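Below is one structure, written out as structure tokens, with a few remarks after it.
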Amino acid sequence: LALSVAAVLVFGEAPQRFLPHSRVSAAAFAGVDEDCPLLDRRELTGRLPTIIDDAKAFLHRNIRRPALNHGFSREDILLYDPTALGEALVNAVVHRDYSLSGSQIRVFLFDDRVEVRSPGRLPNSVSLENIKLGVHAERNRALATLLTQLGHMSAIGTGVPRLILRLSRELSRRLSSQESELS
């Protein structure tokens, strides 16, 4: 009997002792590129479910929340859909190429965008174009199964078009309509 990589990543004590590249580096920059000063930086380690939760907390803590004033009340405006961000994080963790040991997943927050960078190429026949249509391939089936059982994903291959793209478009339309109401 031998432990699988998925079991070490999800259930192991200190998985980075065996797989040091299985961490997430999170950074919030004060500007639009990596040359800008750092506002916050964290190395997220531990079991993958913990890393996912910690990465979501990092984004929640560091994303700017402009506000609209309505007389005596204030309405915070979300610049990014939390479900879409969570899907991007989980996708990066579950579908990364863990055979590549030279780099970790990186989550970068800039003034104008969030980037989730996952080491490795897209798996199998997945491309940047067809992923938008729901084409998917599980690079790490055991990991996908475990994270699905733990409630982090649905494993039906619709997260990019259904959650990331659709929810981001809907939020963008809402923000645009709010801007036009203020004008």
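Computed from the coordinates by the stated procedures, all read-outs in this text should not be read as laboratory data. None of these values were measured; they are calculated from a predicted model. Every residue, glycine among them, receives a Cβ derived from its backbone with ideal geometry; neighbour counts consider all protein chains shown.
Between beta-carbons, use under 15 Å as the cut-off and find the net charge around Pro161, counting Lys and Arg +1, Asp and Glu -1. Don't skip to the answer; put the middle values down first.
Values: positive: Lys132, Arg162, Arg166, Arg169; negative: Asp81, Glu87, Glu129, Glu170.
So the surrounding residues net to 0.
As a check on your grasp of the helix formula, calculate [θ] at 222 nm for the chain: sum -39500 (n - 2.57) over DSSP H runs of n ≥ 4, divide by the residue count, round to the nearest 500.
Working: 5 runs with 62 residues, N = 183.
After summing the helix terms and dividing by residue count, I get -10500 deg cm²/dmol.
Return the inverse of the average 1/r over all pairs of distinct C-alpha atoms in segment 1-42, which is the Kirkwood hydrodynamic radius, in Å to one decimal. Working shown, then result.
On the way: mean 1/r = 0.0795 Å⁻¹.
With all distinct Cα pairs of segment 1-42 included, I get 12.6 Å.
Determine the sum of side-chain charges near Ser118: Lys and Arg each +1, Asp and Glu each -1, restricted to other residues whose C-beta is under 15 angstrom from that of Ser118.
On the way: positive: Arg23, Arg96, Arg106, Arg117, Arg121, Arg139; negative: Glu87, Asp97, Glu115, Glu138.
Local net charge: +2.
For percent of Cα pairs over 21 Å apart, several values are listed as (1) 62; (2) 54; (3) 50; flag the one computed from this structure.
(2)
Using alpha carbons only, what's the Rg to Rh ratio of segment 76-135 with Rh from Kirkwood?
1.00
Let a ≥ b ≥ c be the square roots of the eigenvalues of the Cα gyration tensor of segment 39-143; is it rounded (a/c under 1.5), or, if not, prolate (a/b larger than b/c) or oblate? Don't skip to the end; give the middle numbers.
Values: a/c = 2.56, a/b = 1.73, b/c = 1.48.
Because a/c hits 1.5 or more and a/b exceeds b/c, segment 39-143 counts as prolate.
For Leu1 and Arg166, FRET efficiency with R0 = 30 Å and r from the beta-carbon atoms, rounded to 0.05?
On the way: r = 43 Å, r/R0 = 1.43.
Approximately 0.10, to the nearest 0.05.
Given contacts defined as C-alpha pairs under 8 Å and at least six residues apart, what's the relative contact order of segment 46-183, whole-number percent? Could the numbers behind the result be given before it?
Working: 131 pairs, mean separation 33.1, N = 138.
About 24 percent, as a whole number.
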